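The structure appears right after this line, and notes come after that.
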Amino acid sequence: MQRTPDDGCGRFDDVRMRGFRERATVGQVCEWLDARCRALNSEEVSPANAFGRVLASPVIAALDVPPFDRSAMDGFALRGTETNGAGDYNPLTLRLVGQSLPGLPFDGEVIAGTAIRIMTGAPMPNGADAVLPAEFAREVAERVEFTAAIAPGRNVGRRGEDVAAGQTVLESGRRLRPQDVGLLASTGIQTVFVVKRPRVRVLVTGNELAAPSDAHQPFQIFDSNSPTLRALIERDGGVLESSRLLIDDRALIAAALTEPGADVILVSGGSSVGAEDHAPSVLSEVGALPIHGVAMRPSSPTGIGHIGDVLVFLLPGNPVSCLCAYDFFAGRAIRKLGGRSSDWPYVRQRATVGSKIVSAVGRVDYCRVRLESNRIEPISTSGASILSSTTRAAGFVIVPGDLEGYAPGTEVDVFLYDPLS
């Protein structure tokens with residue numbers, strides 16, 4: 001079933017019970033994916049629903065923020081030059097003629113010899129050019145007495161100092177953070193264009209599998225790949241279109257693959273060379289399977305193809321292999337389709353190898369490691385079916401295909417499952 005990554009013809013070599021003759025390299029698979037994956041079309045959403053989305057076009061401000069000059073603190077709006085000479089031993093006074101509150105401006109003009117009470121964020125009145133902080137003044141009858149001088153322009157927020165009308169507020173391709181959506185709202189923008197989130201269908205196959213809600217029969221195991229994949233899809237900006245648990249039946253698998261509604265389909269289980277591994281042959285019949293078998297450990301039985309424009313990933317059923325193949329390939333595609341970076345969504349940290357990490361030239365190794373005092377040790381029990389190895393590990397190290405591993409004392413990049421705290 002394996003072919004070179006540029007072969008999109010969909011020809012099929014049945015390798016069930018015979019094994020792979022050759023495998024594509026991780027680099028070849030990534031090149032094939034990157035050539036096929038372009039950001040999806042855009043859709044309009046409100047700023048309130050834009051967090052985490054990727055802008056499809058730049059955002060231009062239609063108005064100034066703030067739209068008027070305003071006070072930067074509580075105090076008194078006045079003409080700055082009229083405070084010259086004020087001090088602790090020379091208090092000066094001005095006549096108090098009104099006040100300006102947020103949303104309730106002073107309806108008048110500050111003329112020579114007068115001041116108004118003003119609150120933070122309130123509009124500056126005509127005639128005033130400075131705000132004297134409240135701590136340097138006190139009200140006496142209908143006058144304000146002050147003991148500090150303030151220069152014109154002080155403590156005044158100018159119109160457009162945050163955002164100017166016509167300014168590009170945010171560039172396209174930006175993944176929106178909480179402060180970004182707040183800034184969008186501050187400019188009065190009703191909707192923005194964002195890249196659509198890829199719709200991802202999850203098909204988990206296997207006669208031996210039971211859902212956690214089902215009665216557990218003898219010789220069955222509970223499905224762990226569905227919730228794992230669902231969480232990974234959400235992490236990478238995709239939308240779960242549906243998640244289905246299927247028995248090893250060709251017709252059921254074919255129907256689930258060809259049903260419209262998804263941009264990406266993940267098939268977990270039945271991707272290898274066993275007699276009941278139907279997914280590769282079914283995908284070849286209804287679409288194309290240009291890649292089957294990758295030079296990596298775990299996850300070597302991974303297959304990647306397409307049905308029209310829908311990308312299909314055949315992920316191994318062993319939980320760690322499924323996680324690994326998703327991270328290397330399916331996650332990369334989902335992120336790119338959603339307009340995100342294809343880079344690993346993990347924090348990297350440099351660390352020193354403690355005990356030797358063993359690999360073999362010609363394959364990429366995904367090695368789970370413990371991390372203590374900036375020193376890493378490989379997890380001893382770490383087979384492809386041992387999902388707990390990923391919960392006991394701090395993260396993983398990738399050994400490239402041109403190395404036999406890492407010797408003790410080597411500095412390497414560790415990809416952390418949890419962000420640095």
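The values are calculated or read from the model by the stated rules, or taken from the named source; none is laboratory data. Being a predicted model, the structure only gives us computed values, none of them experimental. Reconstructed Cβ throughout: ideal geometry from the backbone, glycine too, with neighbour counts over all protein chains shown.
When Val369, Val361, Val412 are checked against the criterion of being part of a loop (DSSP other than H, G, I, E, B), over 21 Å from Ile265 (Cα atoms) and aliphatic (A, V, I, L, M), a single residue qualifies: Val361. Is it true that Leu240 is within 19 Å of the chain's Cα centre (by Cα), in contact (Cβ under 8 Å) with a residue 24 or more places away in the chain and within 17 Å of Val65 (Cβ to Cβ)? It is false that Leu240 is within 19 Å of the chain's Cα centre (by Cα), in contact (Cβ under 8 Å) with a residue 24 or more places away in the chain and within 17 Å of Val65 (Cβ to Cβ).
On the given criteria, is Tyr366 surrounded by fewer than 22 Cβ atoms within 10 Å (Cβ to Cβ), at pLDDT below 95, touching a strand residue (DSSP E or B) at 6+ places or on another chain (Cβ under 6 Å) and aromatic (Phe, Trp, Tyr)? No, not satisfied. Picking from residues in the stretch 381-421 that are of a type in the set (Val, Ile, Thr) and at pLDDT 90 or above, the one that is farthest from the chain's Cα centre (by Cα) is Thr410. Across the stretch 28-56, the number of residues qualifying as in contact (Cβ under 8 Å) with a residue 40 or more places away in the chain and either touching a Phe, Trp or Tyr at 6+ places or on another chain (Cβ under 8 Å) or among the charged types (D, E, K, R) (or both) comes to 12. Looking only at residues that are of a type outside the set (A, V, I, L, M, F, W, C) and in a strand (DSSP E or B) in the stretch 286-305, which one is farthest from Arg36 (Cα to Cα)? Residue satisfying both the conditions and the ranking: Arg297. Applying the criterion of at least 1 residues that are over 22 Å from Gly98 (Cβ atoms) to the strands (runs of 3 or more DSSP E) found wholly in the stretch 112-171 leaves 168-170. Across the stretch 211-227, the qualifying residues are those that are in contact (Cβ under 8 Å) with a residue 24 or more places away in the chain and surrounded by fewer than 19 Cβ atoms within 10 Å (Cβ to Cβ), and the one among them that is nearest to the chain's Cα centre (by Cα) is Ser224. Only one entry in Leu311, Leu315 is in contact with a Ser or Thr (Cβ under 9 Å, 6 or more places away or on another chain) and in contact (Cβ under 8 Å) with a residue 40 or more places away in the chain, namely Leu315.
Scanning the stretch 97-107 for residues that are part of a strand (DSSP E or B) and either buried (at least 17 other Cβ atoms within 10 Å of the Cβ) or within 48 Å of the chain's Cα centre (by Cα) (or both) returns Val97, Gln99, Ser100, Leu101, Leu104. Here Ala86, Ala56 are screened, and the one residue that is crowded, with 18+ Cβ neighbours inside 10 Å, small (Gly, Ala, Ser), closer than 30 Å to Arg235 by Cα and out of contact with any Pro (no Cβ under 9 Å at 6 or more places or on another chain) is Ala56. Considering the stretch 191-218, the residues that are in a loop (DSSP other than H, G, I, E, B) and of a type in the set (A, V, I, L, M) include one that is nearest to Ser172 (Cα to Cα), namely Ala211. Please go through the stretch 328-378 and give me each residue that is under 27 Å from the mean Cα position of the chain (by Cα) and acidic (Asp, Glu), ordered by number. Of everything in the stretch 328-378, those that are under 27 Å from the mean Cα position of the chain (by Cα) and acidic (Asp, Glu) turn out to be Asp343, Asp365. Condition first: charged (D, E, K, R) and either within 53 Å of the chain's Cα centre (by Cα) or surrounded by 12 or more Cβ atoms within 10 Å (Cβ to Cβ) (or both). Now tell me which residues in the stretch 138-152 satisfy that. Result: Arg138, Glu139, Arg143, Glu145. May I ask you to list the residues in the stretch 244-279 that are of a type outside the set (A, V, I, L, M), part of a strand (DSSP E or B) and in contact with a Pro (Cβ under 9 Å, 6 or more places away or on another chain)? Across the stretch 244-279, the qualifying residue is only Ser268.
The set of residues in the stretch 177-197 that are without any contact (Cβ under 8 Å) to a residue 40 or more places away in the chain and polar (S, T, N, Q) contains only Gln179. The single condition among (1) crowded, with 23+ Cβ neighbours inside 10 Å; (2) more than 20 Å from Val26 (Cα to Cα); (3) at pLDDT 95 or above that Ala279 does not satisfy is (3).
Table: residues versus (1) closer than 30 Å to Ile150 by Cα; (2) modelled with pLDDT under 95; (3) assigned to a helix (DSSP H, G or I).
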position: Trp32; (1), (2), (3): no, no, yes
position: Glu43; (1), (2), (3): no, no, no
position: Phe51; (1), (2), (3): no, no, no
position: Phe68; (1), (2), (3): yes, no, no
position: Ala77; (1), (2), (3): yes, no, no
position: Gly85; (1), (2), (3): yes, no, no
position: Arg95; (1), (2), (3): yes, no, no
